[in-house]
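The values are calculated or read from the model by the stated rules, or taken from the named source; none is laboratory data. These numbers come from a predicted model, not from an experiment. With ideal geometry, Cβ positions are generated from the backbone for all residues, glycine too; neighbour counts draw on all protein chains shown.
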């Protein structure tokens, strides 16, 4: 067991690795309800890291020597391919020689149901050939080749790949209405997203703080005095068209969102009345006319108009007015769809979302989809911590099905930095943008069989199919991170292979009397269970629906988590340690630890029998606890509030086995009750 576990984690653990010891006890929980969309042997035998992993691949004997060589594009080369080659070569030392990559548009390259974005890629002695029915398919083939070149070293393995997406849209959203993002940054992110075969960008352009779109018919909407954030930042129509063109060159469709009639406090500040009034609807119509005249339908076929989190007496009238206006400009309307939104118009695409009890049993039910729909129910990036977000996307099925159809369009991962962010460079790290996008891209491209709703909160053992699949995905994710996302905030570390024994819960008033026995390994009369992976979730906040190992437990309980880590040398080793995941929207959490402590909840850690304290010194020690909601807060999040964007903690280990005992009380409903103890590379 040690050798197998170590092999899938060695790329990050370095001198550290988990051992079975107390935590595993040779009693792996078998959980085979979730199955991998492809045989795991194909990953185990792969000599390159690919993400998303192809639908079909045959690894052949031999490899093409590409040392010091650049791809030479031949055949049916289009502008998207030239752009992709330019992106691949940017910032790299280019080789002196070349090897041929031949592209072929062929109407018979794939069956009709796989033809829109599918491709065939062959690597052999004569070079590389990529054939597809569409130009988008050729581009997807090149993106696979790019990863093969970056992760395979000097030799490109001979192979035959046939690949296609399970869902026609794999998307992400950026909230630029609450926190303005520069055009340069948006373009940079589009380039990276395209490398994962992401093909949809949901651009949330307006929200409470501002209408960030140039407005010629009513310049007052752009006036700084009517904005509460980023007061001087406006996207000109020229810039918007520039971003659309940049995305299109990378096979990414943009859906702009002009959020109305809710999330529009700027409108009331500018005009003194609400959007759904007669005067307001007249202005709304003119705003939509101007936007649609400036951003033509051929580049912008879908316009999202929000309609979420609002109650108005004339809901049907407003929805009908906006949808008819958009249709008059040849656009398909799109709306948010949950129990708190305006009714979805007859001709609108719906974007399913939810939180808390509204999450519809944690994932969307396919029988409830009766129109074209996107699934955004897997968890917002500003709500969940890094590992939980990645797990949810990896194990769940978009739209609740294995593959999409004309109604089940795909998924959109939503990045909502609701609160003010003064330094916008913090957003990808705080939101776990790139690891989340990798998991989303994997599942939306691959699809999947059985639903894995139960797996993200109570991870399967390492020797089960889902446990092995997740470990392989982590390995691919980290390999792609190193070669394609090395300059990006990437708060996700290999967690597979860490195994735990969880003791309790017991009443916190009884914890002191039980503590010594637990530390000594005596669990008589206490509940015990096995758990897997470095991040444990006992019970999350109500905005996630109270998910976790103990969803029915109330505050006032305490658990212990025990794991053993082995080090091949004595000395200081790096760990990421955290005990709460702050909600970046409503800021609900327990606060920054006091100096010398691990959290404001009373978390304690013993290592090899001795209690250890937190070596980190906090500027804001003991501050920023929020036992309830603080919506639309204007005080920016401080990096000290987000444990996964901070520097690792160094802990002194002895050579050999090191046993950690962690005690964690559950102090309140606002607490995301869990443990993260992640060993890193040296």
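Being in contact (Cβ under 8 Å) with a residue 24 or more places away in the chain, assigned by TED's automatic domain parsing to the domain that holds residue 153 and buried (at least 18 other Cβ atoms within 10 Å of the Cβ) is the requirement here; does residue 71 meet it? Considered against the rule, which asks whether it is in contact (Cβ under 8 Å) with a residue 24 or more places away in the chain, assigned by TED's automatic domain parsing to the domain that holds residue 153 and buried (at least 18 other Cβ atoms within 10 Å of the Cβ), residue 71 comes out as yes.
Here is a yes/no grid of residues against (1) at positive phi; (2) touching a strand residue (DSSP E or B) at 6+ places or on another chain (Cβ under 9 Å); (3) assigned by TED's automatic domain parsing to the domain that holds residue 667; (4) not in a helix (DSSP H, G or I):
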residue	(1), (2), (3), (4)
473	no, no, yes, no
477	no, no, yes, no
492	no, no, yes, yes
511	no, yes, yes, no
515	no, yes, yes, no
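When 518, 483, 498 are checked against the criterion of being more than 29 Å from residue 354 (Cα to Cα) and in contact with a helix residue (DSSP H, G or I) (Cβ under 7 Å, 6 or more places away or on another chain), a single residue qualifies: 483.
You will find that of 400, 410, 436, the residue that is more than 27 Å from residue 587 (Cβ to Cβ), buried (at least 22 other Cβ atoms within 10 Å of the Cβ) and touching a helix residue (DSSP H, G or I) at 6+ places or on another chain (Cβ under 7 Å) is 410 and no other.
In region 319-333, the count of residues that are loosely packed, with under 14 Cβ neighbours inside 10 Å, within 26 Å of residue 371 (Cα to Cα), in contact with a strand residue (DSSP E or B) (Cβ under 8 Å, 6 or more places away or on another chain) and modelled with pLDDT of 95 or more is zero. Selection of first residues in region 626-645 that are closer than 19 Å to residue 429 by Cβ and not assigned by TED's automatic domain parsing to the domain that holds residue 179 and of second residues that are modelled with pLDDT of 85 or more and exposed (fewer than 14 other Cβ atoms within 10 Å of the Cβ), restricted to Cβ pairs under 9 Å at least 6 apart or on distinct chains, gives the following pairs, ordered by first then second residue: 636/422; 636/423; 638/619; 638/620; 639/423; 640/619; 640/620; 641/620.
Are any residues in region 37-52 within 24 Å of residue 485 (Cβ to Cβ) and in contact with a strand residue (DSSP E or B) (Cβ under 9 Å, 6 or more places away or on another chain), and if so, which ones? Listed by number, the residues that qualify are 38, 42, 46, 47, 48, 50, 52. Here the strands (runs of 3 or more DSSP E) wholly within region 577-682 that include at least 3 residues being farther than 18 Å from residue 534 by Cα and over 27 Å from the mean Cα position of the chain (by Cα) are 610-612. Looking only at residues in region 85-124 that are out of contact with any strand residue (DSSP E or B) (no Cβ under 9 Å at 6 or more places or on another chain) and surrounded by 15 or more Cβ atoms within 10 Å (Cβ to Cβ), the one that is farthest from residue 66 (Cα to Cα) is 116. Among the residues of region 43-58, the one identified as closer than 29 Å to residue 93 by Cβ and surrounded by fewer than 18 Cβ atoms within 10 Å (Cβ to Cβ) is 47.
For (1) more than 21 Å from the chain's Cα centre (by Cα); (2) at pLDDT below 95; (3) assigned to a strand (DSSP E or B); (4) not assigned by TED's automatic domain parsing to the domain that holds residue 72, each residue gets a yes or a no:
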| site | (1), (2), (3), (4) |
| --- | --- |
| 122 | yes, no, yes, no |
| 130 | yes, no, yes, no |
| 138 | yes, no, no, no |
| 153 | yes, yes, no, no |
| 157 | yes, no, yes, no |
| 184 | yes, no, no, yes |
| 188 | no, no, no, yes |
| 197 | no, no, no, yes |
| 201 | no, no, yes, yes |
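Of all residues assigned to region 398-421, at least one qualifies as being touching a strand residue (DSSP E or B) at 6+ places or on another chain (Cβ under 6 Å), in a helix (DSSP H, G or I), outside the structural domain of residue 536 (by TED's automatic domain parsing) and modelled with pLDDT of 90 or more.
Annotation: residue 459 fulfils all but one of (1) in contact with a strand residue (DSSP E or B) (Cβ under 9 Å, 6 or more places away or on another chain); (2) modelled with pLDDT of 95 or more; (3) within 30 Å of residue 657 (Cβ to Cβ); (4) surrounded by 23 or more Cβ atoms within 10 Å (Cβ to Cβ); the unmet one is (2). Kindly evaluate residue 225 against the criterion of being in the same structural domain as residue 269 (by TED's automatic domain parsing), more than 28 Å from residue 248 (Cα to Cα) and not in a loop (DSSP other than H, G, I, E, B). Considered against the rule, which asks whether it is in the same structural domain as residue 269 (by TED's automatic domain parsing), more than 28 Å from residue 248 (Cα to Cα) and not in a loop (DSSP other than H, G, I, E, B), residue 225 comes out as yes. So which residues in region 483-500 are over 20 Å from residue 468 (Cα atoms) and touching a residue at least 40 places away in the same chain (Cβ under 8 Å), if there are any at all? Across region 483-500, the qualifying residues are 483, 484, 485, 488, 489, 490, 491. Out of region 256-269, which residues are buried (at least 21 other Cβ atoms within 10 Å of the Cβ) and under 16 Å from residue 212 (Cβ atoms)? Residues satisfying the conditions are 256, 257, 258, 259, 260, 263, 264, 266, 267. Going by the conditions given, is residue 231 part of a loop (DSSP other than H, G, I, E, B) and either buried (at least 21 other Cβ atoms within 10 Å of the Cβ) or not assigned by TED's automatic domain parsing to the domain that holds residue 374 (or both)? It is false that residue 231 is part of a loop (DSSP other than H, G, I, E, B) and either buried (at least 21 other Cβ atoms within 10 Å of the Cβ) or not assigned by TED's automatic domain parsing to the domain that holds residue 374 (or both).
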